[in-house]
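Quick one: the structure is below, questions incoming.
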Amino acid sequence: MLKNYLFLLICICSFWETNAQNNQEFSGTIVADSIAEIQVNIVNYTNKLGTVNAASGKFSIQASEGDKVIFSSVKYEPHTVEITSEMLQKRNNQIILFLMVNELEEVNISSLTLTRDLLADANNMELQPILSAQDLGIPIRTAPRLTVEERRLYTASSGGPIGVLIDVLSGRMEMLNRQKKYADLELLIQQSKHLVPNNFFVETLKIDPILIDDFLYFCSNQEEFKTTVNQKDPFVMIDFFRNQKTAYKKFKKENSE
């Protein structure tokens, strides 16, 4: 009888040990453009388990060595990783997703044959008179056009006291404010990128091309980033990026260990 109990105990312990080995966590951070606004589906294809990322890009899913985990979203190209023992031991795995680009077929929008002589080609074009809003007696809009996020926020905040209260309680107002904040930040980042030469990050700062967006988001967290971009001075922007290079590489090194 004692032997039976010992055998049963050994089986239970073996089961617990095997189960513990098979139910480890694969965790890390997704690095991608506008990740806070996009939900990425994370599926362990081997074990049929699924989850999604947090607004910060962090994720965690149960996995074992050899499992295939798929990251997919409408906005990004699908990415598949095969889990290794090193991935299970680390807590800061980085998954880099790239925007999905849909290439359109070539469309011929004109039957005009060009000679590459600008003056001759311009004289051969049939031009139509431009009809403006002023010609039709329509008032001309002089106020700056609102962005999509600003229009959504205006609509939510102009629904009267009851409508605003409902939006606040439901969290919609907070979500719209967050979307506007990220849209403004994205605009600043793109403006800073256009102020410097195309090859500046790779050839001058020696930053890997796939990490350029990551470097820009790191720079955007600095207090002087917004005021630097608003100066619209390429030389000031270049000096700012050069001063951030060492801090960024130190940050990447600390987070990869």
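The values are calculated or read from the model by the stated rules, or taken from the named source; none is laboratory data. For clarity, every value in this text was computed on a predicted model and none was experimentally measured. Please note: Cβ atoms are built from the backbone with ideal geometry, for glycine as well, and neighbour counts cover all protein chains shown.
Which of (1) of a type outside the set (Val, Ile, Thr); (2) assigned to a loop (DSSP other than H, G, I, E, B); (3) at pLDDT 85 or above is the odd one out, the single condition residue 33 does not satisfy?
(3)
Quick one: which residue in 235, 240, 251 is at pLDDT 90 or above and either among the small types (Gly, Ala, Ser) or in contact with a Phe, Trp or Tyr (Cβ under 8 Å, 6 or more places away or on another chain) (or both)?
After applying the criteria, what remains is 240.
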